[in-house]
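Working notes for the structure below.
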Amino acid sequence: MQILVAPNGRTWNPHSRDFFKYFGFFGKNTDFVSHSVQNLGFSIIETFPSHTRIRFQPALFPTACLHRVIEIILTRPRQRFVLERIGSLFAPLEVFQNRHDAIARLRALQAATPADMASPVAPTIIPLSMDRIGAPKRAGLQTALTAWRRANRHATTRNMAKIAQDPTFGGGGLTWMPGGDRCLVEAWPQTYERHSGISYEKFLGQDIRDLPDADYMIPTTRAYFTAAASREPRLELIEALMTGTDGARFWCRYERLVLPWRTSPSDTFICSVPLVRLLRRV
């Protein structure tokens with residue numbers, strides 16, 4: 001199977017009539033796939049019985065294309081990935097036995113695209129099926145989900161401080177959503193000492209939209225509103241550029257389980273249980 005990913009993230013069947021119409025007629029012997037990858041910023045994903053191959057041109061690999069490639073390979077059944085860089089005399093092949101290593105390498109090579117030299121502030125957020133939570137590597141998320149279900153998805157306001165401190169539920173990161181239309185910081189993650197260079201205690205009770213790094217916080221808390229409205233948990237993969245307490249920038253890829261706690265017909269508390277997959281210095 002072949003999937004062609006356009007620079008804007010749109011996917012194409014490279015053998016479809018719509019794809020040929022998109023390009024127009026080049027002649028009988030034109031290799032549309034190689035032409036689009038080498039010259040136009042496309043990438044091609046091919047699935048074989050033993051591996052998944054990704055062909056791309058690092059100097060023409062826009063962020064939107066990279067994000068869709070990541071989204072697609074997360075669903076691939078094969079763990080072995082072959083990356084083929086084209087656009088040079090020799091096309092280097094790199095083989096990865098782990099999809100997270102392959103994603104990290106794609107991210108590093110994509111930095112060669114001139115228009116994308118500045119790292120994007122907005123995070124990449126990919127919804128995941130809740131069926132994935134049964135995997136052994138997500139045992140901590142499964143424990144949190146089981147405890148949440150055992151509590152019948154309901155808590156009292158008196159219990160929320162205890163939930164915020166419980167490592168089962170992520171050890172913090174609790175928000176209060178009065179009326180379902182606001183998202184207020186109820187408790188900060190216990191691993192935080194400072195937030196954007198300021199003591200985290202200053203932000204307790206503030207709306208997420210008023211925090212200094214709203215470009216990161218607003219997209220990542222959209223799932224809170226969805227979970228509060230549906231009263232159902234959500235599982236997501238997030239990749240974002242972050243700043244440590246020492247001021248160093250790093251990429252963090254993590255999964256998180258979003259759990260809504262109903263305290264009244266109009267109020268919901270949300271806790272976020274993280275599972276870090278990769279940390280990489282910029």
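Worth a mention:
- Candidate set: segment 265-282, residues that are at pLDDT below 80 and loosely packed, with under 15 Cβ neighbours inside 10 Å; chosen: the one nearest to E186 (Cα to Cα): L279
- All positions within segment 27-75 that are among the small types (G, A, S), surrounded by fewer than 20 Cβ atoms within 10 Å (Cβ to Cβ) and either out of contact with any Gly (no Cβ under 9 Å at 6 or more places or on another chain) or outside any helix (DSSP H, G or I) (or both): G27, S34, S50
- Of all the numbered requirements in (1) over 19 Å from I125 (Cα atoms); (2) at pLDDT below 75, R262 misses one, and that requirement is (2).
The values are calculated or read from the model by the stated rules, or taken from the named source; none is laboratory data. Given the structure is predicted, the values throughout are model-derived calculations rather than measurements. No Cβ is skipped: glycine too gets one built from the backbone with ideal geometry, and neighbour counts run over all protein chains shown.
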